[in-house]
Amino acid sequence: MNYIYLIIFGVLGGVLAGMGMGGGTLLIPLLTLILGFTQKSAQAINLLAFIPMSIIAIIIHSKNGFIKFKTGIFIAVFGILSSIGGAMLAKNFDSKQLSIYFGIFLLVLGILQIIFMIIRQNNLKKD
């Protein structure tokens, strides 16, 4: 039965990742809350799943002309460096602490999304 959940969660994460929304924001909570994975395991699975999903998304978005490679490479370099720092930082926390920090991150991200959506709506109404 867990394999069915893993397939469903993989599809959902892949769809979100392909749309550029970050499949991990859904995949990690699903793995931890429903399937009982530890936070560190869920994050590791998410990072591993991200590799093929991002390659496919890059190919499709590139064919559609949506990628500015000069900007993307600049962001990727700093993203790689930051991910190394984040991984080194994460190894100092246990799974419970990491879950709390991830939950706070998702909460802040959600609040920011709501704020930006309201700002965008107000700007659209002015035009």
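The values are calculated or read from the model by the stated rules, or taken from the named source; none is laboratory data. The structure presented is a predicted model; accordingly, all values stated were derived computationally and were not measured. Note that we place each Cβ from the backbone using ideal geometry, even for glycine, and neighbour counts take in every protein chain shown.
The figures follow:
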{"quantity": "Scan of segment 79-127 for residues that are without any contact (Cβ under 8 Å) to a residue 40 or more places away in the chain and polar (S, T, N, Q), ordered by number", "calculated": "S82, S83, N92, Q97, Q113, Q121, N122, N123"}
{"quantity": "Hey, A76 surrounded by 10 or more Cβ atoms within 10 Å (Cβ to Cβ), modelled with pLDDT of 85 or more and in contact with a Ser or Thr (Cβ under 6 Å, 6 or more places away or on another chain) or not", "calculated": "no"}
{"quantity": "Single match in S62, S82 (criterion: at pLDDT 90 or above and either within 25 Å of I111 (Cβ to Cβ) or of a type in the set (D, E, K, R) (or both))", "calculated": "S82"}
{"quantity": "Residues satisfying the stated conditions in segment 1-57, i.e. of a type in the set (V, I, T) and surrounded by 15 or more Cβ atoms within 10 Å (Cβ to Cβ)", "calculated": "T25, I28, T32, T38, I45"}
{"quantity": "Pairs where the first residue, in segment 51-78, is within 22 Å of G24 (Cβ to Cβ) and the second is exposed (fewer than 12 other Cβ atoms within 10 Å of the Cβ) and among the charged types (D, E, K, R), C-beta under 7 Å, 6+ apart", "calculated": "none"}
